[in-house]
1. May I ask you to list the residues in the range 262-278 that are surrounded by 18 or more Cβ atoms within 10 Å (Cβ to Cβ) and part of a strand (DSSP E or B)?
2. So which residues in the range 140-168 are at pLDDT 95 or above and within 14 Å of residue 187 (Cβ to Cβ)?
3. Mind listing just one residue for me: the one in the range 137-153 that is assigned to a strand (DSSP E or B) and within 20 Å of the chain's Cα centre (by Cα) and, of those, surrounded by the most Cβ atoms within 10 Å (Cβ to Cβ)?
4. Check off (1) under 19 Å from residue 197 (Cβ atoms); (2) touching a Pro at 6+ places or on another chain (Cβ under 6 Å); (3) not aliphatic (A, V, I, L, M) for residue 147 and give me the number that stays unchecked.
5. Could you check the range 214-227 and list, in sequence order, the residues that are within 27 Å of residue 81 (Cβ to Cβ) and surrounded by 18 or more Cβ atoms within 10 Å (Cβ to Cβ)?
6. Between a residue in the range 142-156 that is on the phi < 0 side of the Ramachandran plot and any residue that is of a type in the set (Asp, Glu), which pairs come within a Cβ distance under 6 Å, given they are 6 or more apart or on different chains?
7. With of a type in the set (S, T, N, Q), in contact (Cβ under 8 Å) with a residue 60 or more places away in the chain and surrounded by fewer than 19 Cβ atoms within 10 Å (Cβ to Cβ) as the only criterion, which of 194, 252, 259 stands out?
8. How many of the residues in the range 220-238 are over 20 Å from residue 273 (Cβ atoms) and in contact (Cβ under 8 Å) with a residue 24 or more places away in the chain?
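The values are calculated or read from the model by the stated rules, or taken from the named source; none is laboratory data. Quantities reported herein were computed from a predicted structural model and do not represent experimental measurements. Virtual Cβ from ideal backbone geometry, glycine too; neighbours counted across all protein chains shown.
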Amino acid sequence: MKLNGLKEEWDELPQKGIFPEDIKLRMWDVVASATINKRRNIYRSVMAACAVLLISLAGFQFYFGFQSVKTAGVVTQTYPQDIRLIRLSDGTRVWVNENTQIEYPEKFADNERIIKLKGEAFFEVARDTTRPFIISSGNIKTTVLGTSFDVKAYGNIAEVNVRTGKVKVESSQNAVFLERGYAAIFVPKENIVQKRKALVIDPEWKNSLIDVDGLSLEAVIEKLKTNHGFTFKYASEDLKKLQVKGTLDTRQGVPELLQTIAFALEITIKPVGNDTYVVSR
C-alpha cells in the first residue's frame, strides 16, 4: 500500500477531532514508519493501537469546551463503534456508549454535581453526601449521592437501571426511588416514570472497556489472561512494576491489546510463537 493510501485510511479512523495535534502527529509518525519499512502486518496493529490511544495514555483528557457565565465545561460526543470511559473531577467514572453526548463542568460546584446526557452512559458515582449528583437526560432527572447505574435517554425513550446503591428518578409528573436490581421506565403518553425489575444491570457494551488506571503491568496482564489464553514473559523483573494508565478496549485481539500497552509505556512486546509474548525495553 502506498503511503498516500495509508494516510487516507488513517484519516478515516473515528478520531473526530478528539486528539490534540501533537498526539495525532506522534501516532501518524509511528504508522508511517511501519509502512515505509514494508511491515504490512505490523502497521495494521499499530493503527489499531493508535486508534484507542485516547483511552490508553496517561494524563490526557481530550475535549472541546463550552463557556458559560459561571463556569467552563466539557462536552464529550461519541460516534458509531466509539465507547469511552471518562473520569470527572469528583472521582466519578462514566462509561459513555456510542452515539452519545455528555456535558459536565471541569470542576463541580460546592453544593451540587450536575451533568447533561443525550444517549446512554453507565455511572459509578463517587459518594459525596454534601453534593447530590444530578443527571438531566431528556424527560427524566436522576439524583444520587453515590452508586452505580445505567441511564438511557434517546428522545422519548428513557430508562435507568440500578446496579448498586439507591437512585431517585423524576419526570415532570412523578418520582420513583430505585435500589439494586430495579429500573425506572419513562411512559411518554402519561409523562410518568414506572418502577420495574431491571432486566440488565451491567450492560454488555460497558464491558468493552476495562479500567486499568494505576495498575502495574503485571496486574494488567493477569487481568487480560482471565479472558484470553496466552503466555507473557518479562526480560527483567522491573518491567512488572511499570504503571499503566487509562483504559483498554477489549474489542481488540490480544496482539492489538498488547501493542496498545507497548505504545503507551514506550516498551517492546514481541510474539515468539505459540501465543507467547516477551516484553523488553
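1. 269, 277
2. Listed by number, the residues that qualify are 140, 158, 159, 160.
3. 149
4. (2)
5. Answer for the range 214-227, where residues must be within 27 Å of residue 81 (Cβ to Cβ) and surrounded by 18 or more Cβ atoms within 10 Å (Cβ to Cβ): 220, 221, 224.
6. Taking only residues 6 or more apart or on different chains, the pairs are 148/124; 152/120; 152/159.
7. Of the residues listed, the single one that is of a type in the set (S, T, N, Q), in contact (Cβ under 8 Å) with a residue 60 or more places away in the chain and surrounded by fewer than 19 Cβ atoms within 10 Å (Cβ to Cβ) is 252.
8. The number of residues fulfilling the criteria is 2.
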